[in-house]
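Since every read-out is calculated from the coordinates, none of them should be taken as a lab result. It should be emphasised that the depicted structure is a prediction, and the values quoted were computed from it without experimental measurement. Positions of Cβ are backbone-derived with ideal geometry, glycine not excepted, and every protein chain shown enters the neighbour counts.
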There are 2 protein chains.
Amino acid sequence: MARWQPNAPERLAVAALELFEERGYENTTVIEIAERAGLTKSTFFRHFQDKREVLFGGDTMAGLLAEGIAAAPATAKPFEAVAHALDAVGREAFHPARREMSARRREVIAANPELREREALKGLGLTASMTDALKRRGVPELTSCVAAELGALALKIAYERWSGTTDGDDFGDVARRALRDVQAAGAVH
Amino acid sequence: MARWQPNAPERLAVAALELFEERGYENTTVIEIAERAGLTKSTFFRHFQDKREVLFGGDTMAGLLAEGIAAAPATAKPFEAVAHALDAVGREAFHPARREMSARRREVIAANPELREREALKGLGLTASMTDALKRRGVPELTSCVAAELGALALKIAYERWSGTTDGDDFGDVARRALRDVQAAGAVH
């Protein structure tokens, strides 16, 4: 049995990003990604179901958002719970050191229809994960749906803003601003 | 050259729905769908890019929503323009006579992961179409995104409510109620 590899998903994602940039998504194989990362094909498939998945980190993000909502104070209103989830994503996933890679990742995804499709479906999975987490807090179904939809939109906008800038902004701060902007826009009837 | 077939997309959709119910989505071929509809395979591919597309009416819905938003009075605020778009969908696509078929269609889609995926992507296309139509009215980008997201959510909720009921509700009425519910839920901060 292969021994456990530290940070294998991260190493595979970095290797995939480099190869997609160098020779294009279509012209890169899973074996090449694994080789570049110094890992085996079977390690790749232990972490990702297919080549399309390697830039999307499995279900990490959906889990972080659900945990962030669950961990919000009992008194937090739905949108405050969503803000907690966005903070958790900033703390656990979008460190300042990952910003440059995030910008490159966005460009690679934008250039490929298959990756754009997978990203869109992943985004829907994040909305569903937040909706379920809010319902588990006792938030009514429709309010859960709306707060999760607007939270997912804020996350997307925040990711674009954060990965596109070069100053020292913390992802959590950017995300909270985006959530306030989205809520304010929704209040214009 | 094949002569023009009246209502070919509708006939193909009905035939596909019957076959998916009878023998399952995976066990049905495009040729069988065309035969059941009394049409040819090439007619099928003139209207739909693949088997997955046949239950989704090409880009009709996205076009109806964009036209509905464009046709709203110049004074209409963003959410009023979205309500106009939902009315247009009710007038042009979701007639009372189509309700029973809509309920069957929902069951077939719910039972198949490929169809659920296509439906999810179609939903994102509707949001994008409404966002662009709102921006063309001069609505700011972020407000356009939020109004379109909430409009798409209202459309989805309205479709579920409308296709699940048996009373005489007009789709436009159901959709306007859903849009008000969604807006009210978004206002709970």
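Observations, loosely collected:
- Taking one quarter of the surface of the C-alpha convex hull of the protein assembly as shown gives a mean projected area of 22.4 nm².
- Note: relative contact order over region A:8-54, using C-alpha pairs below 8 Å and six or more positions apart, is 42 percent.
- Computed P(r) (all Cα pairs; region B:8-54; 5 Å bins; percent): 5, 28, 41, 21, 6
- Taking the average, over residues, of other Cβ atoms within 10 Å as the packing measure, peptides A:64-75, B:38-49 rank A:64-75, B:38-49 from highest down.
- Zero-based 5 Å bins, Cα pair distances in region A:124-165, whole percents: 5, 28, 26, 17, 11, 8, 4, 1
- Of the three principal axes defined by the Cα atoms of region B:59-186, the extents in descending order read 40, 32, 28 Å.
- CD proxy at 222 nm, helix term only [per DSSP H run n ≥ 4: -39500 (n - 2.57); per residue of chain B; nearest 500]: -23000 deg cm²/dmol
- Residue-count net charge about A:F56 - beta-carbon cut-off 10 Å; Lys, Arg +1, Asp, Glu -1: +1
- A simple charge model with +1 on the Cβ of Lys and Arg, -1 on the Cβ of Asp and Glu and nothing else charged puts the dipole of chain B at about 300 debye relative to its Cα centre.
- Among complete DSSP H helices in chain B, those whose alpha-carbon atoms stretch at least 24 Å along the helix's long axis and whose mean Kyte-Doolittle hydropathy reaches 0.0 are B:141-164.
- Relative contact order %, chain A, counting alpha carbon pairs below 8 Å whose residues are six or more apart: 21
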